[in-house]
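So the structure is just underneath, and the comments pick up after that.
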Amino acid sequence: MNVVSAAPFYSSYPLMTDYLKSGLHKWAGDAYKFNKEEPYIELVTSPNNPDGFTRQDVVKGDKGILIHDLAYYWPQYTPILSPADYDVMLFTVSKSTGHAGSRIGWAVVKDREIAKKMTTFIEINTIGVSKESQIRAAKILQAVSDGCSHPNRKEAETNFFDYSYKLMAGRWKRIREAVNKTALFSLPSFPQETCSFSGRTFGQLPAFAWLKCEGEIDDCESFLRRHKVITRSGKHFGASMKYVRVSMLSRESEFKLLTERLPAIKT
Ligand SMILES: Cc1ncc(COP(=O)(O)O)c(C=O)c1O
């Protein structure tokens, strides 16, 4: 089975697909370039890592299975337009609340037989998901849910998504201001849409900034490293080295340095 995703794609997909060297599936690259008359799985990441855009499937075939990776489908990152309603949907606590280390995710799957196979795979692969992690994740999700249903849910202190939205909006404003001060870099722009969860109208506020080096600079990662800014090159995501992925979720002190260093860079 060919496994594809539209470039730029999450850099772990090729690694995860091929690390078992299974005869059942193999990484087949950029979904835009896939033109074989063969069965395929397309990973649809929406919003996307690394560039933050919302996405739909791109392969124009009828032999495909879609897996929707909704790791970033949370209202601090993207306007929630409609209830997610796909055949196989993947979620994780890591991008919703930042508890990546607890290693807990979940899937919502329409077909019971596929769900059973996924459960068996997880059982074999993990020998049972850590109970500590399960308890922690349940507690986190309960706290987030309680905050959202609190009578004062509009107050940032009680509503986790409100708090996180304001944080992301503030950081995106700051990084755009920093990038606008120089002609060396550019950032994607996103359409404004109304979020059915919060009622707010806003453009994407991704967990990563997909930064492009304009002009002569061909290897943006090395260029930025020389100026003490650590990023991840576009090459890991099936894209050009003129792009880098910059984390928008670093600690405040680090983020402040980023917004000071970017506009200060001269070639
Ligand atoms: C698009 C996407 N899917 C899945 C994951 C994996 O999430 P987790 O670390 O919670 O397993 C990540 C993590 O970076 C991601 O960016």
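Say a paramagnetic label sat at a point 7 Å from the Cα of residue 253, along Cα to Cβ; which residues of the stretch 210-237 have their backbone N under 19 Å from it? In the stretch 210-237, the label zone of residue 253 (backbone N under 19 Å from the point 7 Å along Cα→Cβ) covers 228-230. Note on residue 143/residue 35: beta-carbon distance plugged into 1/(1 + (r/R0)^6) with R0 of 45 Å gives a FRET efficiency of 0.40. Among 83, 47, 39, determine the one that fluctuates most according to a GNM of the chain built with springs between C-alpha atoms less than 10 Å apart. Fluctuation is largest for 83.
Using a probe of 1.4 Å on the protein chains alone, the accessible area found for residue 85 is around 100 Å².
The label point for residue 260 and the one for residue 216, both projected 7 Å from the Cα toward the Cβ, are 2.9 nm apart. If you run the Gaussian network model on the chain, springs between alpha carbon atoms under 10 Å, then out of 217, 67, 122 the most flexible one is 122.
Note that the stretch 10-23 has calculated 3J(HN,Hα) couplings of 4, 5, 7, 4, x, 5, 5, 5, 9, 6, 7, 6, 6, x Hz, one per residue in order, obtained from phi through the Karplus relation 6.51 cos²θ - 1.76 cosθ + 1.60 (θ = phi - 60°); glycine and proline are x. Taking 145, 240, 94 in turn, the Gaussian network model of the chain (Cα-Cα springs below 10 Å) assigns the largest fluctuation to 145. Expressed in Å, the radius of gyration and Dmax of the Cα atoms of the chain are 19.7, 57. Here is the tail figure for the stretch 13-86: Cα pairs spaced more than 15 Å apart come to 60 percent of all pairs.
Across the stretch 43-56, coupling constants 3J(HN,Hα) worked out from phi with the 6.51/-1.76/1.60 Karplus curve, θ = phi - 60°, read 8, 10, 9, 9, x, 7, 9, x, 9, x, 6, 7, 9, 10 Hz, and Gly and Pro carry x. Between residue 56 and residue 26, the C-beta separation translates, for a Förster distance of 25 Å, into a calculated FRET efficiency of about 0.55.
Computed on protein heavy atoms with a 1.4 Å probe, the accessible areas place 124, 104 in the order 124, 104, largest first. Counting Cα-Cα pairs of the stretch 2-142 in 10 Å increments starting at 0 gives whole-percent bin shares of 10, 37, 40, 12, 1.
Counting only protein heavy atoms and using a 1.4 Å probe, the accessible area of residue 113 comes to about 110 Å². Label positions at residue 112 and residue 173, each projected 7 Å from the Cα along the C-beta direction, are separated by 5.1 nm. Lysine pairs in the stretch 146-267 whose alpha-carbon atoms fall under 26 angstrom of each other, counting only those eight or more residues apart or on distinct chains, come to 28. Computed per residue of the chain from DSSP H runs no shorter than four, each worth -39500 (n - 2.57), the mean residue ellipticity at 222 nm is -10000 deg cm²/dmol. Projected onto their three principal axes, the Cα atoms of the stretch 170-251 cover extents of 42, 28, 27 Å, largest first. Using a 4.7 Å Cβ-Cβ cutoff, the cysteines of the chain lacking any partner cysteine are 148, 195.
The values are calculated or read from the model by the stated rules, or taken from the named source; none is laboratory data. Being a predicted model, the structure only gives us computed values, none of them experimental. When we count neighbours, we look across all protein chains shown, and the Cβ atoms used for this are built from the backbone with ideal geometry, even at glycine. Heavy atoms of the whole protein, side chains included, go into the accessibility calculation; ligands, DNA and RNA do not. Shrake-Rupley method; radii C 1.70, N 1.55, O 1.52, S 1.80 Å.
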